[in-house]
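The values are calculated or read from the model by the stated rules, or taken from the named source; none is laboratory data. Remember, predicted model here, so these are calculated numbers, not experimental data. FYI the Cβ positions are ideal-geometry reconstructions off the backbone, even for glycines, and counts take in every protein chain you see. Just so you know, the surface numbers come from the protein's heavy atoms only, side chains and all, with ligands and any DNA or RNA stripped out. Shrake-Rupley method; radii C 1.70, N 1.55, O 1.52, S 1.80 Å.
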Amino acid sequence: MADADSWSRAGGGWGSKSDQQRLESMKMDGETVRICDVETIAQEKGRLIRVSYEQSRRDGEQQQRKRDIYDNGNSATILPYDPDRKTVLLTRQLRLPVFLRDGMERTVEACAGKLDGEEAERRIVKEMQEELGYKITNVQRLFELYVSPAAIMEKVVFFTCAYSPANKVSDGGGLKEEGEDIEIVETTLEEAAAMIATGEIVDAKTVVLIQYLSSRIQDIPG
């Protein structure tokens, strides 16, 4: 079983005290899985690790495998909805992986941000004010999902909330010092759904929120 010391020896370790605490709280072994070794391949804002493990297959055989896993931390995302005007708030910004793959220079998606150890509700309220320019205190937690569970450890907490023009406190746009250059997009929920069909919205978390909200708008507290 891998422990905190073995992770620290592998490629420089987790570094911060919070990283060590998070590692120690992880369940490294299960009934069918045993973690044999973890190597840090690269680390910047997130960490790319190579994990060697043993897995007991359903046919009874033992299987040894390796996987490269990216740990970018957990995050939160929100799709605000105005029940009077039937509008939603989205963002448009550069997402480099999408540009490199498809040449799209601006991607439409829901407001989102990394938790960085903060409680999800508190974090998403801050992100809304920074990115969208709207100050909201009452948000509705929907569910938690792994968007790409085969290779990425990130778990996303999904939210919605009611908003109105009265909640606007700034032009938003994100934090320049963090390289953010965010355009706010206000459109109807129906038009947002159409943007999925036309390929203008290609972000998975945003698609989930739009489709979920479209079928449950009557449940959003005012």
| Which residue pairs have Cβ atoms under 8 Å apart, sit 6 or more places apart or on different chains, and have a first residue in segment 177-193 that is more than 13 Å from residue 131 (Cα to Cα) and a second that is among the hydrophobic types (A, V, I, L, M, F, W, C) and assigned to a helix (DSSP H, G or I)? | 187/195; 189/210; 189/213; 189/217; 192/210; 193/210
| Any residue in segment 115-123 that is touching a residue at least 40 places away in the same chain (Cβ under 8 Å) and closer than 26 Å to residue 196 by Cα? | no
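Listed here are the residues, each with its yes/no results for (1) surrounded by fewer than 18 Cβ atoms within 10 Å (Cβ to Cβ); (2) farther than 21 Å from residue 46 by Cα; (3) β-branched (Val, Ile, Thr); (4) touching a Cys at 6+ places or on another chain (Cβ under 7 Å).
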{"residue": "86", "(1), (2), (3), (4)": "yes, yes, no, no"}
{"residue": "102", "(1), (2), (3), (4)": "yes, yes, no, no"}
{"residue": "118", "(1), (2), (3), (4)": "yes, no, no, no"}
{"residue": "123", "(1), (2), (3), (4)": "no, no, no, no"}
| What helices (runs of 4 or more DSSP H) lie completely within segment 92-207 and have 1 or more residues being under 13 Å from residue 81 (Cα atoms)? | 189-198
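Restricting to segment 75-91, name every residue that is of a type outside the set (Phe, Trp, Tyr) and in a strand (DSSP E or B).
In the first step, residues of segment 75-91 are kept if they are of a type outside the set (Phe, Trp, Tyr); the result is 75-80, 82-91.
Result: 75, 76, 77, 78, 79, 80, 82, 87, 88, 89, 90, 91.
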| query | Which ones in segment 137-177 are open to solvent by 50 Å² or more (accessible area, probe 1.4 Å) and out of contact with any helix residue (DSSP H, G or I) (no Cβ under 9 Å at 6 or more places or on another chain)? | reply | 138, 146, 149, 150, 152, 153, 155, 165, 166, 171, 176, 177
| Matching residues in segment 43-84 - criterion: being more than 19 Å from residue 157 (Cβ to Cβ), touching a residue at least 60 places away in the same chain (Cβ under 8 Å) and surrounded by 13 or more Cβ atoms within 10 Å (Cβ to Cβ) | 69, 82, 83
| query | Looking at (1) modelled with pLDDT of 90 or more; (2) open to solvent by less than 50 Å² (accessible area, probe 1.4 Å); (3) out of contact with any Cys (no Cβ under 8 Å at 6 or more places or on another chain), which is the only condition residue 19 fails? | reply | (1)
